[in-house]
Amino acid sequence: MAMDAGELQTLIKEALPNAHVEIRDLAGDGDHYAAVVISESFRGKSRVQQHQMVYQALKGKMGDDLHALALQTSAPE
């Protein structure tokens with residue numbers, strides 16, 4: 001089952017309310033996305049911890065409704 005880009009963005013913003021989130025559908029199939037997530041919540045966290053926070057926001061949909069997500073995360077400059 002595919003996931004809508006809007007739903008993906010909503011899930012991330014619900015977990016990280018002040019985040020700037022950009023979603024791009026890489027293959028046009030609703031299964032392969034790239035996301036840029038910039039959040040103050042990431043400050044002081046490792047890249048792995050930042051990605052884990054985004055995956056937690058997806059509430060188990062990664063690997064089920066969503067096949068692939070290329071993540072670029074950072075704290076604001």
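The values are calculated or read from the model by the stated rules, or taken from the named source; none is laboratory data. Bear in mind the structure is a predicted one, so any value in this text is a computation, not a measurement. Here the Cβ is made from the backbone with ideal geometry for all residues, glycine too, and neighbour counts use every protein chain on show. Keep in mind that these areas ignore ligands, DNA and RNA; they rest on the heavy atoms of the full protein, side chains included. Shrake-Rupley method; radii C 1.70, N 1.55, O 1.52, S 1.80 Å.
A few comments on the model shown:
- Criterion: at pLDDT 95 or above, assigned to a strand (DSSP E or B), on the phi < 0 side of the Ramachandran plot and of a type outside the set (K, R) - qualifying residue of V37, V54, V48: V37
- Applying the set (1) farther than 19 Å from P76 by Cβ; (2) within 10 Å of the chain's Cα centre (by Cα); (3) open to solvent by less than 50 Å² (accessible area, probe 1.4 Å) to G6 leaves exactly one unmet item: (2).
- Within region 53-77, residues that are surrounded by 14 or more Cβ atoms within 10 Å (Cβ to Cβ) sit with their Cβ atoms under 8 Å from residues that are outside any helix (DSSP H, G or I) and of a type in the set (K, R), at 6+ positions apart or across chains, in these pairs: M53/K45.
- Residue selected from region 9-34 under the condition part of a loop (DSSP other than H, G, I, E, B) and hydrophobic (A, V, I, L, M, F, W, C), by the criterion nearest to P76 (Cα to Cα): A19
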